[in-house]
Amino acid sequence: MTSIVIVGAGPQLGLAIARTFGSRGFDVALVARNRDKLDQLVGTLTAEGISAAAFPADVLDRDALTQALKGAAAHFGGIDVLEYSPVGTMGSTTLTTPTLTEPAHVQHEMEFQLYGAIAATKVVLPAMREAGAGTLLFTTGAGSIDPVPQVGNVNAAAAALRNWAINLHKELEGTGVQAAHVGIDVSIGVSVVPDFPTAQPEEISPVYWDLHTTKRDQAELVFSR
């Protein structure tokens, strides 16, 4: 069997990615902070005939994240795909323009986005390199490529994650392990910005399957309208 672990599993894109891989025979491990929500997602996937399990952890708690990923690997006999896309909440994320940004505003986002991704990768990559196979996928909004002033601090950290992911792709070339960045240039599900394009999560999730299967030479794919 093969497995995917989705860090930051949410009811929209995370669930769609789980379905995309799970419908093709993958076991699905879900990692996020809220156990109740994770259990609901697992119940939904199980009812659809997909093998899934929950591993609660906050990406800001490195030890908990490490244990969750090790638990997922032990439960499913290994991790073949890591997808990292944690989503901040309005209560934990302060949005600032570049001129109003303080170092602390960026530091929190760096901890959440870049440092969490690095920590997760450190757990799963050694086994992938030993096997000569595996996929590491990191998701940000397209502001990591073309930043938007209203979310300047978030975009700065997302750009750092994008840079690191693409550089990781370069380092892993020839090892059999794929690393790539996914930039999402739409609102998912419903529009939150006037005149900004939207897409349903199930329209976006095939991008991840493509990077795992037929586009392993690509360091980045951007979903846009």
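Scanning segment 115-144 for residues that are open to solvent by 20 Å² or more (accessible area, probe 1.4 Å), over 18 Å from Ala68 (Cα atoms) and in contact with a helix residue (DSSP H, G or I) (Cβ under 7 Å, 6 or more places away or on another chain) turns up just one, Gly141. Please work out if Ala157 is under 16 Å from the mean Cα position of the chain (by Cα) and open to solvent by less than 20 Å² (accessible area, probe 1.4 Å). Criteria met by Ala157. Taking (1) touching a strand residue (DSSP E or B) at 6+ places or on another chain (Cβ under 8 Å); (2) surrounded by fewer than 18 Cβ atoms within 10 Å (Cβ to Cβ); (3) under 30 Å from Gly78 (Cβ atoms); (4) not polar (S, T, N, Q) in turn, Tyr208 satisfies each apart from (2).
Within segment 32-44, is there a residue that is surrounded by 14 or more Cβ atoms within 10 Å (Cβ to Cβ), at pLDDT 95 or above, in a loop (DSSP other than H, G, I, E, B) and more than 17 Å from the chain's Cα centre (by Cα)? Looking for residues that are surrounded by 14 or more Cβ atoms within 10 Å (Cβ to Cβ), at pLDDT 95 or above, in a loop (DSSP other than H, G, I, E, B) and more than 17 Å from the chain's Cα centre (by Cα), one finds none in segment 32-44, hence no.
Ser187 passes every criterion in (1) crowded, with 17+ Cβ neighbours inside 10 Å; (2) touching a Phe, Trp or Tyr at 6+ places or on another chain (Cβ under 9 Å); (3) more than 30 Å from Met1 (Cβ to Cβ) apart from (1).
In this entry, Asn163 passes the filter for residues that are more than 22 Å from Pro11 (Cβ to Cβ), free of Cβ contacts under 8 Å to residues at least 60 places away in the same chain and open to solvent by 40 Å² or more (accessible area, probe 1.4 Å).
Filtering segment 167-179 down to residues that are crowded, with 17+ Cβ neighbours inside 10 Å and not small (Gly, Ala, Ser), which residue is farthest from Gly8 (Cα to Cα)? Before you say what the answer is, go through the steps one by one.
Going residue by residue through segment 167-179, those that are crowded, with 17+ Cβ neighbours inside 10 Å are 168-169, 172, 177-179.
Narrowing further to those that are not small (Gly, Ala, Ser): 168-169, 172, 177-178.
On the way: Leu168: 20, His169: 21, Leu172: 24, Val177: 22, Gln178: 20 Å.
Only one residue tops the list, namely Leu172.
Within segment 1-38, the residues that satisfy the criterion of being more than 19 Å from Ala117 (Cβ to Cβ) and charged (D, E, K, R) are Arg19, Arg24, Asp27, Arg35, Asp36, Lys37.
Looking at segment 186-225 only, could you name the residues that are in contact with an Asp or Glu (Cβ under 8 Å, 6 or more places away or on another chain) and either assigned to a helix (DSSP H, G or I) or closer than 18 Å to Leu137 by Cα (or both)? Once the filter is applied, which keeps residues that are in contact with an Asp or Glu (Cβ under 8 Å, 6 or more places away or on another chain) and either assigned to a helix (DSSP H, G or I) or closer than 18 Å to Leu137 by Cα (or both), segment 186-225 yields Tyr208, Leu221, Val222, Phe223, Ser224.
The values are calculated or read from the model by the stated rules, or taken from the named source; none is laboratory data. Fair warning: this is a prediction, and the values are worked out from it, not measured in the lab. Note that each Cβ is placed from the backbone with ideal geometry, even for glycine, and that neighbours are counted across all protein chains shown. Side chains included, ligands, DNA and RNA excluded: accessible areas come from the protein's heavy atoms. Shrake-Rupley method; radii C 1.70, N 1.55, O 1.52, S 1.80 Å.
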